[in-house]
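Following: one structure in structure tokens, then a few remarks.
What follows draws every value from the coordinates through simple rules; no lab data is involved. Please read these numbers as outputs of a predicted model, since none were measured by experiment. Here the Cβ is made from the backbone with ideal geometry for all residues, glycine too, and neighbour counts use every protein chain on show.
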Amino acid sequence: MRGSHLFTKTRREAPKDEVSKNAQLLIRAGYIHKELAGVYSLLPLGLRVIKKIEQVIREEMEAIGAQEGALSSLQDPDIWKKTDRWEGKADDIWLKTKLANNTELGLAFSHEEPWTRIMQDHVNSYRDLPFSAYHFAQKFRNELRAKSGLMRGREFLMKDLYSFSKNQEELDSFYEDVRVAYENVFKRVGIGNTTYFTFATGGVFSKWSHEFQTVSEAGEDTIYIDNEKRIAVNKEVYTDDVLKDLGLTKENLIEAKSIEVGNIFKLGTHYSDALGLVFQDEDGHEKPVVMGSYGIGLGRLMGTVAEILSDEKGLVWPESIAPFTYHIVSLAGGDEATEARATSLYEAMITRGISVLYDDREVRAGEKFADSDLIGIPYRIVVGKKSTDDLFEVIRRSNGEVLSMTRDELVGG
């Protein structure tokens, strides 16, 4: 991609009504556009990051045997009424709409009910289990506190994973697989060291649910961390009895603000019982399917990375999810030989399939460097009048380290 062709532009300041750091930076750097509170559109740079995050998650889900589907966001009220999630307290969450004939529909905030109904057509025998399925889908929630940028939205992209098991032991085994897969996701996107497996309330479904909480002053949660055990407890369940149950002592715990970047739940047979999802066991007895639910919000994850890995100059993307790996900055200033060298390097790199953004704009060097820092691509290649094919200055965005690399090293031979 040439910078002169990239339609999004950087800006010196974010909208005055945007208070969150992650959204301020992502708007200024041209990754997202704010439509209204809690609703953001992805611009080309932002979409590239989301697609990278999506692929990381997809690879980890496939590694534990989950199969990908794609479910509708429009929801039939009938199945939600059977689980008591259409009215009552759920009205605080739902965004609902009507068709021309006044048929009421919901805009999905989750997908337990739809996946359970689908599985009724595909599960009959114990031989059909265990099974796990996931999808990426837009979610809609009537969020009252949409002031945290991408970390609390009214419309957002989410990965849902649902597991269907014969018994509790089978669910427990898969649950642990998901825990490891989620930890791998957070390591791969650059926040593994500051993300903790966190005990939280299980509500009506189980003794516990578990969250993955990333330490950040921008977080809305408070957790208590045992660094040695790499686990934490959410403030909502922080009691002496809970600590004793988990083998934790207050003296070893550190209080911190945090962002919830993922959660996993053991649902038991709640949805199976309500919707009639059953199977026949080896003895021919009918039993309800045991379920689990596992979620990661992609926009929230993107916002979290932007929030905690940025610096005073702008975004600092890890290579795994950066929109591009390299950012060529041409300082030709009208010098044809320098411009030709920068263009030749760019064309050679894209021919080799290397991900690169080429700033070929006719603007001042200081503006190019400021934009490069703001956009946050992992490596900046500076092509100036003193550059030769035997020596290019390459700057690592994360720590400012300056490297000297040849054309062959950059292009790969």
Worksheet, complete the sentence: Residue-normalised 222 nm signal for the chain, counting each DSSP H run of n ≥ 4 as -39,500 (n - 2.57), nearest 500 deg cm²/dmol, is -9000 deg cm²/dmol
Practice prompt. Give the order of 26, 315 when sorted by the count of other beta carbons within 10 angstrom, beginning with the fewest.
Written response: 315, 26
Item to complete: Starting at the first residue of segment 357-370, write each ³J(HN,Hα) from the Karplus equation 6.51 cos²θ - 1.76 cosθ + 1.60 with θ = phi - 60°, in whole Hz, x for Gly and Pro.
Response: 10, 10, 7, 9, 5, 8, 10, 5, 4, x, 5, 5, 5, 4
Item to complete: Using only the Cα atoms of segment 21-309, each taken as one equal point scatterer with no solvent, compute I(q) by the Debye sum, divide by I(0), and report log10 of the ratio at q = 0.08 Å⁻¹.
Response: -0.36
Worksheet item: Based on the Cβ-Cβ distance from residue 286 to residue 222, what FRET efficiency comes out when R0 is 35 Å, to the nearest 0.05?
Response: 0.20
Item to complete: Calculate, for residue 409 and residue 70, the FRET efficiency according to 1/(1 + (r/R0)^6) with r their C-beta to C-beta distance and R0 45 Å; round to the nearest 0.05.
Response: 0.60
Item to complete: Give the cross-link partners of residue 244 among the lysines, using a straight C-alpha distance below 16 Å as the criterion and excluding same-chain residues fewer than 8 apart.
Response: 207, 229, 235
Worksheet item: If Lys and Arg each add +1 and Asp and Glu each add -1, what is the summed charge of the other residues whose beta carbon sits under 13 Å from the beta carbon of residue 42?
Response: +1
Worksheet item: Arranged from highest to lowest average of other beta-carbon atoms within 10 Å per residue, in what order do the peptides 334-347, 376-389, 145-158 appear?
Response: 145-158, 376-389, 334-347
Discussion item. Can you work out the Karplus-derived ³J(HN,Hα) for every residue in segment 9-26? Use 6.51 cos²θ - 1.76 cosθ + 1.60 with θ = phi - 60°, whole Hz, and x for glycine or proline.
Written reply: 10, 6, 9, 6, 10, 7, x, 5, 8, 9, 9, 7, 4, 4, 6, 4, 5, 5
Practice prompt. Please list, or write none, the lysines whose alpha carbon is within less than 23 Å of the alpha carbon of residue 96, excluding same-chain residues fewer than 8 places away.
Written response: 34, 81, 82, 139, 147, 159
Discussion item. If I take R0 = 60 Å and measure r between the Cβ atoms of residue 127 and residue 12 in this structure, what FRET efficiency does the formula 1/(1 + (r/R0)^6) give, to the nearest 0.05?
Written reply: 0.45
Worksheet item: How large is Rg/Rh for segment 167-305, to two decimals, with Cα atoms and a Kirkwood Rh?
Response: 1.03
Practice prompt. Tell me which residues come under 5 Å, amide H to amide H, from residue 157 once H is placed; ignore anything under 5 positions away on its chain.
Written response: 139, 298, 299
Worksheet item: Could you give the angle, 0 to 90 degrees to the nearest 10, between helix 298-309's Cα long axis and the longest principal axis of the Cα atoms of the chain?
Response: 50 degrees
Fill in: Centre separation in Å (Cα based) which lies between segment 356-406 and segment 178-226
36 Å
Fill in: Calculated from backbone phi, Karplus (6.51, -1.76, 1.60) coupling profile of segment 390-401 in Hz, x at Gly/Pro
8, 7, 10, 7, 10, 10, 7, 5, 5, 9, x, 4
Discussion item. Restricting to DSSP loop positions (anything but H, G, I, E, B) with no more than 16 other Cβ atoms inside 10 Å of their own Cβ, which GluC sites (Glu not before Pro) remain in segment 234-309?
Written reply: 282
Fill in: Amide H within-cut-off set for residue 327, under 5 Å, with H built and near neighbours excluded
357, 379, 380, 381
Fill in: Helix 44-63 axis, angle to the chain major axis (alpha carbon atoms, nearest 10°)
50 degrees
Item to complete: Write down the radius of gyration of segment 326-411 and its Dmax, each obtained from C-alpha positions, in Å.
Response: 11.7, 32
